[in-house]
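The values are calculated or read from the model by the stated rules, or taken from the named source; none is laboratory data. Everything numeric here is computed off the predicted structure, so don't read it as measured data. Please note: Cβ atoms are built from the backbone with ideal geometry, for glycine as well, and neighbour counts cover all protein chains shown. The accessibility values were calculated without ligands, DNA or RNA, using every heavy atom of the protein model including side chains. Shrake-Rupley method; radii C 1.70, N 1.55, O 1.52, S 1.80 Å.
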Amino acid sequence: MKKSVLTRYRVMAYVTGVLLILLTFGMIAKYGLKLDGADDFTQVVSIAHGWLYVVYLVFAFDLGSKAKWPIAKQVWVLLAGTIPTAAFFVERRISRELDAQVADTSPAVAKA
């Protein structure tokens, strides 16, 4: 498996996680604190999170299929983008797990 597959998953996990936290704060501001402007903020962030979550799903599925994960693990990783802060913890665990696998497949450098 190429390192780029893991890298793009990691980037999207962080982007999805940050947007979901922003969306959570926006919802608290909108419904809990009834702040002006929170409605527009949550609308923009929710649309961005929705579209980027789809990209996250594609990259996470690609990573899982190349890593040959069982279905339960695949679903666990895919759902991590829907729970605030879960994407960060799942990404860290998956990265540690796959770093060794990615390092083993990197091509050797020829010495002169």
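Please name whichever of Trp69, Leu52, Val90 sits farthest to the positive end of the charge dipole of the chain, dipole taken about the Cα centre and charges placed at Cβ: Lys and Arg +1, Asp and Glu -1. Positive-end residue among those listed: Trp69.
Peptides 73-83, 11-21, 37-47 ranked from most to least packed give 11-21, 73-83, 37-47, packing being the mean of other C-beta atoms within 10 angstrom over each peptide's residues. Pick out the long, greasy-scoring helices in the chain: whole DSSP H runs spanning 15 Å or more along their own axis by Cα, mean Kyte-Doolittle at least -0.5. The qualifying helices are 3-27, 38-67, 86-104. Measuring max minus min along each principal axis, the C-alpha atoms of the stretch 35-78 give extents of 47, 15, 9 Å (largest first). For mean projected area of the Cα convex hull in nm², the value calculated from this model appears in [x] 14.3; [y] 8.5; [z] 8.9 under label [y].
Per residue, the chain exposes 64 Å² of accessible surface when a 1.4 Å probe is rolled over the protein heavy atoms with every protein chain present. Counting only protein heavy atoms and a probe of 1.4 Å, the accessible surface of the chain is 70% carbon and sulfur.
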